[in-house]
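Reading through the structure tokens given below for one structure.
The values are calculated or read from the model by the stated rules, or taken from the named source; none is laboratory data. Keep in mind the model is a prediction, meaning the values are calculated, not measured. Quick reminder, even Gly has a Cβ in these numbers, built from the backbone with ideal geometry, and neighbours come from all protein chains shown. All accessible areas refer to the heavy atoms of the entire protein, side chains included, with ligands and DNA or RNA removed. Shrake-Rupley method; radii C 1.70, N 1.55, O 1.52, S 1.80 Å.
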Amino acid sequence: IIMWPNRTFLDLIDVELPIIQAPMAGAGGAALAIAAAKGGGVGSLPCAMLGADKMRAEVGVIRQQTDRPINLNFFCHDPIPADPGRAKAWKDHLGGYYDEFGLDKSATAPAASRSPFDAAMCEIVEDISPEVISFHFGLPAPDLLDRVKAVGCRIISSATSVAEARWLEERGCDAIIAQGYEAGGHRGMFLSDDISTQAGTFALVPQVVDAVSVPVIAAGGIADGRGMAAAFALGAAAVQIGTAYLFTPESLVSDLHRAALMATDEGQTALTNVFSGRPARGIMNRIMRDVGPMSDMAPAFPTAGGALAPLKAAAEAKDSGDFSSLWSGQAAGLAQVIGAEDLTRQLARDAGERMAALTP
């Protein structure tokens, strides 16, 4: 039995282990959530890119195989009206690549849909009543939040600063994810768009712990038992782990993405906005080096990826990830290829042993 120094998250969610498998749109589905939940953690389903029918189907599969706590994750960004002029300028900026692949610059490519949490999604949540609902980029409208709380869901959201953590607690979050600069994928930032002032996990977590009274979940750069034990030493009540789960056979990442993860280390990722319009950490590749990684030309979230979609498809057809979003945190070099259920238990076991060794 592991003696966790802080049990507030475990008691809040009634879960065996204080580990959340991070919801990673495009990389995580029912199989990953099931395995993480069977391992004793909270399995997560990213819903921001799923339609209503797909969301219900995925949750149905999860519920058939486990009755343990699950987390449904949604985006809460404010949609920005389309800017045709900016979109055209961005595509023109990428024109040389279209010529290189012999692609038609006038063709329209559908961008990946990333919809913010709305009334229709809220109805599905009310029907499903998952144990946890997590949000990225803030929180939904108060009336929607009240409806989610009314069916008994615990609410968590990502903070990338102390100010965001306080904002989330004031609006009713039951726990807060302190997302450090090291984390892979999209930054959860919503009160600022200045990535130059974003804090690392070790600096952020204890300050958030001091600033709020709800359980704090550490995220960013945690991929083994050492990182998990360190998070608890800083006052965290749980961890949210993403990149380490990308290496599991249950993850949905492409073979190209998987190979890139296997070859990367801490110095090969960067924050970039070229794939979606919002800062997200991924493995450096050609398009990031050429036009960014942060480009003032990139259209607003989530539309920047439309112009890149044909280039991504053409390059991937030639086994190249030059135009693909290869999301990864800075701790990919610590990860290993292991099943998600075993990974969850191993993380907890290793963290427990390290914490026990430090206890007099």
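Of all residues in region 4-27, those satisfying the criterion of being within 29 Å of Ser325 (Cα to Cα), of a type outside the set (A, V, I, L, M, F, W, C) and open to solvent by 10 Å² or more (accessible area, probe 1.4 Å) are Pro23, Gly26. Selection of region 64-97 for residues being assigned to a helix (DSSP H, G or I) and without any contact (Cβ under 8 Å) to a residue 24 or more places away in the chain yields Gln64, Pro84, Gly85, Lys88, Asp92, Gly95, Gly96.
Being out of contact with any Pro (no Cβ under 6 Å at 6 or more places or on another chain) and either open to solvent by 70 Å² or more (accessible area, probe 1.4 Å) or modelled with pLDDT under 95 (or both) holds for only one residue in Gly352, Gly306, and it is Gly306. Can you say whether Ala52 is in contact (Cβ under 8 Å) with a residue 24 or more places away in the chain and either closer than 30 Å to Arg354 by Cα or surrounded by 16 or more Cβ atoms within 10 Å (Cβ to Cβ) (or both), as far as the supplied structure shows? So Ala52 does not fit the description; no.
Taking the condition closer than 21 Å to Ile70 by Cα and touching a helix residue (DSSP H, G or I) at 6+ places or on another chain (Cβ under 8 Å), does Ala219 pass? It is true that Ala219 is closer than 21 Å to Ile70 by Cα and touching a helix residue (DSSP H, G or I) at 6+ places or on another chain (Cβ under 8 Å). Is at least one residue of region 135-154 of a type in the set (Val, Ile, Thr) and either part of a helix (DSSP H, G or I) or within 23 Å of Asp11 (Cβ to Cβ) (or both)? Yes, region 135-154 has at least one match. In region 302-353, the residue that is nearest to the chain's Cα centre (by Cα) out of those that are in a helix (DSSP H, G or I) and among the charged types (D, E, K, R) is Glu341. For region 280-300, the set of residues classified as open to solvent by less than 20 Å² (accessible area, probe 1.4 Å) and under 24 Å from Leu246 (Cα atoms) consists of Ala280, Arg281, Gly282, Ile283, Asn285, Ile287, Met288, listed by residue number.
Exactly one residue out of Ala178, Ala159, Ala230, Ala163 is open to solvent by 20 Å² or more (accessible area, probe 1.4 Å) and in contact with a helix residue (DSSP H, G or I) (Cβ under 8 Å, 6 or more places away or on another chain), and it is Ala230. Restricting the first member to region 139-150 and to residues that are under 17 Å from Phe75 (Cβ atoms) and open to solvent by less than 70 Å² (accessible area, probe 1.4 Å), and the second to residues that are among the hydroxyl-bearing types (Ser, Thr, Tyr) and not in a helix (DSSP H, G or I), the beta-carbon pairs closer than 6 Å and six or more apart or on different chains are Leu139/Ser157. Note on region 120-138: residues that are among the hydrophobic types (A, V, I, L, M, F, W, C) and open to solvent by 50 Å² or more (accessible area, probe 1.4 Å) amount to 1.
May I ask you to verify whether Gly41 is within 14 Å of the chain's Cα centre (by Cα), crowded, with 23+ Cβ neighbours inside 10 Å and within 27 Å of Phe117 (Cβ to Cβ)?
On the way: within 14 Å of the chain's Cα centre (by Cα): no; crowded, with 23+ Cβ neighbours inside 10 Å: yes; within 27 Å of Phe117 (Cβ to Cβ): yes.
The answer is no for Gly41.
Looking across region 192-249, just one residue is touching a Gly at 6+ places or on another chain (Cβ under 7 Å), of a type in the set (Val, Ile, Thr) and part of a loop (DSSP other than H, G, I, E, B), and that is Thr248. Taking the numbered list (1) free of Cβ contacts under 8 Å to residues at least 40 places away in the same chain; (2) open to solvent by 30 Å² or more (accessible area, probe 1.4 Å) in turn, Ala30 passes all entries but (2). When Asp193, Asp255 are checked against the criterion of being surrounded by fewer than 24 Cβ atoms within 10 Å (Cβ to Cβ) and at pLDDT 95 or above, Asp255 stands alone in meeting it. Look at region 262-277: where a residue is open to solvent by 70 Å² or more (accessible area, probe 1.4 Å) and a partner is assigned to a strand (DSSP E or B), sitting 6+ places away or on another chain with Cβ atoms under 9 Å, you get Ala263/Ile283; Gln268/Ile283.
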